[in-house]
Amino acid sequence: MYDKASDGEGGGDTAMMQQERAPVPALSKKTEQPKECFLIQPKETNEDATKTRKRKKKKITDVLAKSEPKPGTPEDLQKLMKDYYSSNRSVIELEELTLPDSCFLKANDLTHSLSSYLKEICPKWVKLRKNHSEKKSVLMLIICGSAIRALELIRSMTAFRGDSKVMKLFAKHIKVQEQVKLLEKRVVHLGVGTPGRIKELIKQGGLNLNPLKFLVFDWNWRDQKLRRMMDIPEIRKEVFEILEMGVLSLCKSESLKLGLF
C-alpha cells in the first residue's frame with residue numbers, strides 16, 4: 001500500500017514538474033524582445049540619414065544661390081592672407097604680409113562693367129599707355145580664375161583699352177615659351193590671365209613686375225558652382241605666391257595699386 005501511495009505521489013510530483021515547466025511561451029516572448037530592438041534601429045538610421053542630408057545641404061551652392069552677393073573688400077583679401085599663412089608664419093611674419101590701406105583702389109560695388117570700373121580707378125590711362133615703352137612688362141595686370149573668363153574680360157573691356165596692346169596670359173593652347181618671346185618682342189600695356197601662368201612667367205623672367213601700376217583681381221565673379229576665384233584652393237595658393245614674388249614690396253613702396261573687380 002505504501003509503495004502504491006508513493007507511486008501516486010511520485011506521479012503527482014511529475015505532474016507538478018510539468019506544470020512548472022509549462023510557461024514556455026514566456027521564453028518565446030523573451031526571444032521576441034530583440035525583434036523590438038531591431039524595429040527601433042531603422043528609426044535611428046533614418047534620423048542619422050536626415051541629419052547627414054541636412055549637413056550636406058549647408059555645403060551645397062543652394063545657400064549661395066539664395067543669399068545676396070556681397071562685393072569684395074580689401075579686408076576680405078587681408079583676412080584670407082592671414083588665414084592662409086597663420087599655420088606656418090610667426091606673428092611678426094604675418095604683420096609683414098599686411099598690405100597698407102593706401103595701396104587699395106576703390107572696390108567694385110557690383111554696379112560696374114569692367115570698362116567702367118577701370119575708367120574709375122585709372123582715369124589717366126591714355127597718358128600712362130603712351131609713356132610706357134618697356135618690354136617684358138605690363139602696366140595693368142588682371143588676374144582671373146580661368147582662360148575662358150580671361151577671354152570674356154578682354155572682350156568686355158573694349159571701351160577702356162582703346163589702342164592698348166593686350167596679351168592673353170593663360171596656359172590654354174599657348175606655351176609659356178611662346179609668351180616669353182612675345183613679351184620680349186613687343187610692348188604690352190595690358191595682361192589678362194590666370195595666376196598659374198602669370199606666376200610661371202615671373203619665375204622664368206618673362207614678366208617683370210616693376211613697371212606694373214595696377215593689379216586687378218576678378219574678385220566677385222562666380223563660376224557655375226558659384227565659387228569665386230579665391231574660393232578655389234589651387235588658385236588662392238597661386239595668387240598668394242604672386243603676391244610674395246614682388247607684389248607686396250611694390251604695394252608697400254606705393255608704386256602699385258590693387259583693385260577688386
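Overview of values
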read-out: The lone exception for K127 - which of (1) open to solvent by 50 Å² or more (accessible area, probe 1.4 Å); (2) closer than 16 Å to D218 by Cβ; (3) charged (D, E, K, R) it fails; value: (2)
read-out: Residue list for the range 117-131, filter: in contact (Cβ under 8 Å) with a residue 24 or more places away in the chain and within 20 Å of P69 (Cβ to Cβ); value: Y117
read-out: Selected residue [open to solvent by 50 Å² or more (accessible area, probe 1.4 Å) and modelled with pLDDT of 85 or more] from I121, I92; value: I92
read-out: Residue selected from the range 155-168 under the condition in a helix (DSSP H, G or I) and touching a helix residue (DSSP H, G or I) at 6+ places or on another chain (Cβ under 9 Å), by the criterion nearest to K135 (Cα to Cα); value: R161
read-out: Any chance S102 is among the hydroxyl-bearing types (S, T, Y) and modelled with pLDDT of 95 or more; value: no
read-out: Residues being among the polar types (S, T, N, Q) and surrounded by 14 or more Cβ atoms within 10 Å (Cβ to Cβ) - total across the range 99-115; value: 3
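The values are calculated or read from the model by the stated rules, or taken from the named source; none is laboratory data. Since this is a predicted model, take the numbers as computed values, not measurements. When we count neighbours, we look across all protein chains shown, and the Cβ atoms used for this are built from the backbone with ideal geometry, even at glycine. These area figures cover heavy atoms from the full protein model, side chains too; ligands, DNA and RNA do not enter into them. Shrake-Rupley method; radii C 1.70, N 1.55, O 1.52, S 1.80 Å.
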